[in-house]
Structures are given as C-alpha cells and as structure tokens.
1. Any residue that is of a type in the set (S, T, N, Q), part of a loop (DSSP other than H, G, I, E, B) and loosely packed, with under 13 Cβ neighbours inside 10 Å - is there at least one of those in region 31-49?
2. Of all residues in region 62-96, which are at positive phi and part of a helix (DSSP H, G or I)?
3. Which of the following residues is of a type outside the set (Phe, Trp, Tyr), modelled with pLDDT of 90 or more, surrounded by 11 or more Cβ atoms within 10 Å (Cβ to Cβ) and in contact with a helix residue (DSSP H, G or I) (Cβ under 9 Å, 6 or more places away or on another chain): HIS59, HIS70?
4. List the number of the failed condition for MET25; all other conditions in (1) under 25 Å from HIS67 (Cβ atoms); (2) surrounded by 12 or more Cβ atoms within 10 Å (Cβ to Cβ); (3) more than 17 Å from the chain's Cα centre (by Cα) hold.
5. Mind counting the residues in region 18-59 that are free of Cβ contacts under 8 Å to residues at least 24 places away in the same chain and either in contact with a Gly (Cβ under 9 Å, 6 or more places away or on another chain) or not aliphatic (A, V, I, L, M) (or both)?
6. Which one of these does THR79 not meet: (1) exposed (fewer than 12 other Cβ atoms within 10 Å of the Cβ); (2) touching a helix residue (DSSP H, G or I) at 6+ places or on another chain (Cβ under 8 Å); (3) among the polar types (S, T, N, Q); (4) at pLDDT 85 or above?
7. Out of region 1-22, which residues are polar (S, T, N, Q) and surrounded by fewer than 11 Cβ atoms within 10 Å (Cβ to Cβ)?
Amino acid sequence: MSALYEKTRFDVEDEIIQIGNFSDMIKNYADMLYDGDWRQTEDDVHTTLHGFANMLIAHSEKMMLTHKQHYNLDEYNTTSIDEFYTKIEQERGNVRS
C-alpha cells in the first residue's frame, strides 16, 4: 500500500522537534514532583517513567519509518542496490551516465 503523500525532510525534522517537546513534558513532571506540587507514590513514578520510555521507543520507531520512506530505503526503495550506488557515483562525478 502506498502512502497518501511523500515523506519529506520536513517530516523528519518535525519528528525530531517533537522529541524536544516531549523532553519539556518530562522536565515539567520532574519539577512538579521535586517542588512537592504533585505527590505520587514510588510505584506511580516508576509506572510513569516506564510509560515515557515506551512512548520514546514508539516515537523512535516512527522516526525510523519516516526516514526510510523519505530516503527510499528497505521495502520503500524501488531501485536495485546497483542502480542506487551507480546514481550516487554519477552525482559525485565518478561514473559517466
């Protein structure tokens, strides 16, 4: 099944920026616990941190998929590996067309 639209470098950049936003949420959580504004049990904190870890793992998988789609890697690549490297060498001026 093909994608509805092509992945661009802006999709990759957006997903990187999203990690920064998530980092701010984690800092907010830590600050609220440290300042005593929000009380949680050790079990609650442990569960929350594991949840954060699972969200980061899922996001990194999504980023890898977007990266593969944008750069036509793996199953998204429509050219053979020989064509791929020949094109790169042509762009570098090492091989004639």
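1. Yes, region 31-49 has at least one match.
2. ASP74
3. So the residue among HIS59, HIS70 that is of a type outside the set (Phe, Trp, Tyr), modelled with pLDDT of 90 or more, surrounded by 11 or more Cβ atoms within 10 Å (Cβ to Cβ) and in contact with a helix residue (DSSP H, G or I) (Cβ under 9 Å, 6 or more places away or on another chain) is HIS59.
4. Single failed check for MET25: (2).
5. 25
6. Tallying (1) exposed (fewer than 12 other Cβ atoms within 10 Å of the Cβ); (2) touching a helix residue (DSSP H, G or I) at 6+ places or on another chain (Cβ under 8 Å); (3) among the polar types (S, T, N, Q); (4) at pLDDT 85 or above, THR79 fails exactly one: (4).
7. If the condition is that a residue be polar (S, T, N, Q) and surrounded by fewer than 11 Cβ atoms within 10 Å (Cβ to Cβ), then SER2, ASN21 are the ones that fit.
The values are calculated or read from the model by the stated rules, or taken from the named source; none is laboratory data. In this text the structure is predicted, and so the values were computed from the model without any measurement. Ideal geometry is used to build each Cβ from the backbone, glycine not excepted, and the neighbour counts take in all protein chains shown.
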